[in-house]
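S.K.: Have a look at this one.
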Amino acid sequence: MKKTAVLLSFFFLAISHSGTAQRKVTDKKLEADDATYSVEGKVYFNVVKISKESKKVLYRVATKIPDKAKGENFYELGNCAFFHIVGDKMFIVYDIWKGATKSKDCMIKILDTKTGKFDEPKLLYATKINSLFSEQEIQYHPIYTADNKKFAVCKDNISPTYNIDPEITVYSTSDLSVLSNIVIPARYNGQKRILEWSQFKLEDNGNISGVFQTVNEKTGVSMKSYSFEIPFEATELKDVKEIDLHDSEFNRDSNAHGQFYESFDDYIKGNPIPGIRIKNGSFSTSFTGTPKFQLLDDAGNATKEKAKDLPAQIFTYKRNDGETPFTIRMIDKDPYILLAAGKYNFYSLYAEQSKLYMAEGWDGKLKKFSQRDFEKILDQYRLLNDFKNDPPRGERGDTSNDGFNKHVAWYTKYFNLLNQKNF
């Protein structure tokens, strides 16, 4: 491998591979001119207003999300809540499950941040589904204009069986009046499509741009991606164009699957092997401990391969859609997360991520990571004092997994500094 100094930012590790699902609550801290707002609670959320000047809690108000008195439920695997500040108001777009009507409802509730009082919630969408186990297949997502005068709420259907069309409604933030609405046919060229939230943009003038993907309905895998425009008040998508799934402008698609690279230099240059991808969340091990992944062709068809038979030793991989991908390197038939690369390489064994390793040079022998040995190397490059004066700091509520992740990030930072000195 050529001498390369590369900053890799894939720090998050889980001590156990399975992990636990994260409750889908976005923007847990919001900043305003005179105060900071935080969202607390595991099921019934509270909004806390803290003065920037005095650091005192000015109020703590219950959101009543969900409102049990109205038969609402908020489940961690199926529901989302999005918090956003507009002037003196906090907009909360959220969805809940209503068992009585078997519907996943999208609501908006507005908090007057001066008084700590809520307006009555307003129903934006109500979608009938078979059961709460189908909740994840209907998704709602808000986007705001830069000037905060308009916002859109998108409804998407990622189910392989529901015949429900996606929909986008644009509202005024001043009075919640509907400014435009478009229903998008669920199929494009006969294939099911899903919307790619990370690529949506709502302009101040109300124009929308975005990306959708067609999917293989048997495997649920994305096949092709298309960009589109929706001029304000238009009733259909305009200027639909196929885009490269790996195009640099769109390569942050949250559902994009992993890619293989012939070499580390190809990875750095963004040159993946065409025609084959690695499916998100497909890692498994056999009863003998043999690692396996599912590979995808351009039509979204999947095949299972042993790690030793993969087409390349360098690839990207996500445990779940929407996550930042790991960079993986196969070494002696096992997958390792590549945390830092250059003269000194830092790894974590993917199947047992608490096991850390290092190697000098790309082809250097892998050895267990030792902080004592690492400090000796840092001392050679006059980085030891900086390292010792920059330890990770624990915070109230940190779990053992949080502490481990902070230490890995600490080590990775100084591996990167070593590699910069050796570039």
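S.K.: In the stretch 62-96, how many residues are hydrophobic (A, V, I, L, M, F, W, C) and farther than 15 Å from residue 121 by Cα?
M.R.: The qualifying residues number 5.
S.K.: Anything in the stretch 183-198 that is crowded, with 19+ Cβ neighbours inside 10 Å and over 24 Å from the mean Cα position of the chain (by Cα)? List them, or say none.
M.R.: Within the stretch 183-198, just 184 meets the criteria.
S.K.: Continuing with this model, one more query. Could you figure out which of (1) part of a loop (DSSP other than H, G, I, E, B); (2) farther than 14 Å from residue 264 by Cβ; (3) at pLDDT 90 or above isn't true of residue 362?
M.R.: For residue 362, the failing item is (2).
S.K.: Output the residues belonging to the stretch 317-328 that are open to solvent by 20 Å² or more (accessible area, probe 1.4 Å) and touching a strand residue (DSSP E or B) at 6+ places or on another chain (Cβ under 7 Å).
M.R.: Of everything in the stretch 317-328, just one residue is open to solvent by 20 Å² or more (accessible area, probe 1.4 Å) and touching a strand residue (DSSP E or B) at 6+ places or on another chain (Cβ under 7 Å), namely 325.
S.K.: What number of residues within the stretch 199-208 satisfy the criterion of being surrounded by 15 or more Cβ atoms within 10 Å (Cβ to Cβ) and either within 22 Å of the chain's Cα centre (by Cα) or part of a strand (DSSP E or B) (or both)?
M.R.: 4
S.K.: Say we look at the stretch 98-133 and pick out the residues that are at pLDDT 95 or above and aromatic (Phe, Trp, Tyr); which of these is farthest from residue 58 (Cα to Cα)?
M.R.: 125
S.K.: Also, I was wondering about something else. State all residues of the stretch 330-368 that are open to solvent by 10 Å² or more (accessible area, probe 1.4 Å), under 27 Å from the mean Cα position of the chain (by Cα) and touching a residue at least 40 places away in the same chain (Cβ under 8 Å); if no residue qualifies, say none.
M.R.: Of everything in the stretch 330-368, those that are open to solvent by 10 Å² or more (accessible area, probe 1.4 Å), under 27 Å from the mean Cα position of the chain (by Cα) and touching a residue at least 40 places away in the same chain (Cβ under 8 Å) turn out to be 334, 351, 352, 354, 356.
S.K.: Anything in the stretch 373-423 that is open to solvent by 50 Å² or more (accessible area, probe 1.4 Å) and within 16 Å of residue 355 (Cα to Cα)? List them, or say none.
M.R.: 373, 400, 402, 406, 407
S.K.: Which residues, taken from the stretch 43-91, are within 12 Å of residue 30 (Cα to Cα) and among the hydrophobic types (A, V, I, L, M, F, W, C)?
M.R.: Passing the criteria: 47, 48, 50, 82, 83, 85, 86, 90, 91.
S.K.: Please work out which one of (1) modelled with pLDDT of 95 or more; (2) over 22 Å from the mean Cα position of the chain (by Cα) is the condition residue 5 fails and give its number.
M.R.: (1)
S.K.: Take the conditions of a type in the set (A, V, I, L, M), out of contact with any Pro (no Cβ under 9 Å at 6 or more places or on another chain) and either farther than 26 Å from residue 324 by Cβ or at pLDDT below 95 (or both) and apply them to residue 215. Does it pass? Explain how you work it out, then say what you get.
M.R.: On the way: of a type in the set (A, V, I, L, M): yes; out of contact with any Pro (no Cβ under 9 Å at 6 or more places or on another chain): no; either farther than 26 Å from residue 324 by Cβ or at pLDDT below 95 (or both): yes.
Judged against the criteria, residue 215 is not a match.
S.K.: From the residues in the stretch 300-316 that are out of contact with any strand residue (DSSP E or B) (no Cβ under 6 Å at 6 or more places or on another chain) and surrounded by fewer than 18 Cβ atoms within 10 Å (Cβ to Cβ), which one is nearest to residue 219 (Cα to Cα)? Steps first, answer last, please.
M.R.: In the first step, residues of the stretch 300-316 are kept if they are out of contact with any strand residue (DSSP E or B) (no Cβ under 6 Å at 6 or more places or on another chain); the result is 301, 308-310.
Subset that is surrounded by fewer than 18 Cβ atoms within 10 Å (Cβ to Cβ): 301, 308-309.
On the way: 301: 7, 308: 24, 309: 22 Å.
Checked the stretch 300-316; the qualifying residue nearest to residue 219 (Cα to Cα) is 301.
S.K.: Now a separate question. Exactly one of (1) open to solvent by 40 Å² or more (accessible area, probe 1.4 Å); (2) modelled with pLDDT of 85 or more; (3) closer than 25 Å to residue 209 by Cα is unmet by residue 247. Its number?
M.R.: Among (1) open to solvent by 40 Å² or more (accessible area, probe 1.4 Å); (2) modelled with pLDDT of 85 or more; (3) closer than 25 Å to residue 209 by Cα, residue 247 violates only (2).
S.K.: Separate question: Can you tell me which residue in the stretch 270-297 is surrounded by the fewest Cβ atoms within 10 Å (Cβ to Cβ), limited to those that are touching a Leu at 6+ places or on another chain (Cβ under 9 Å) and not hydrophobic (A, V, I, L, M, F, W, C)?
M.R.: Looking at residues that are touching a Leu at 6+ places or on another chain (Cβ under 9 Å) and not hydrophobic (A, V, I, L, M, F, W, C), I get 282.
S.K.: Taking residue 90 and the conditions (1) open to solvent by 10 Å² or more (accessible area, probe 1.4 Å); (2) of a type outside the set (Ser, Thr, Tyr); (3) in a strand (DSSP E or B), which numbered condition does it fall short on, given that it satisfies the others?
M.R.: Exception for residue 90: condition (1).
S.K.: For a quick check of your reading: which strands (runs of 3 or more DSSP E) sit entirely within the stretch 295-347 and have at least 3 residues that are within 21 Å of residue 405 (Cβ to Cβ)?
M.R.: Values: elements: 302-306, 314-317, 326-331, 334-340.
Of the strands (runs of 3 or more DSSP E) lying wholly inside the stretch 295-347, those with at least 3 residues that are within 21 Å of residue 405 (Cβ to Cβ) span 326-331, 334-340.
S.K.: If you take the residues of the stretch 218-239 that are in a strand (DSSP E or B) and of a type in the set (S, T, N, Q), which of them is modelled with the highest pLDDT?
M.R.: Among them, the one singled out is 227.
The values are calculated or read from the model by the stated rules, or taken from the named source; none is laboratory data. Please read these numbers as outputs of a predicted model, since none were measured by experiment. With ideal geometry, Cβ positions are generated from the backbone for all residues, glycine too; neighbour counts draw on all protein chains shown. For the accessible areas, the whole protein counts, side chains as well, though only heavy atoms, and no ligand, DNA or RNA atoms are used. Shrake-Rupley method; radii C 1.70, N 1.55, O 1.52, S 1.80 Å.
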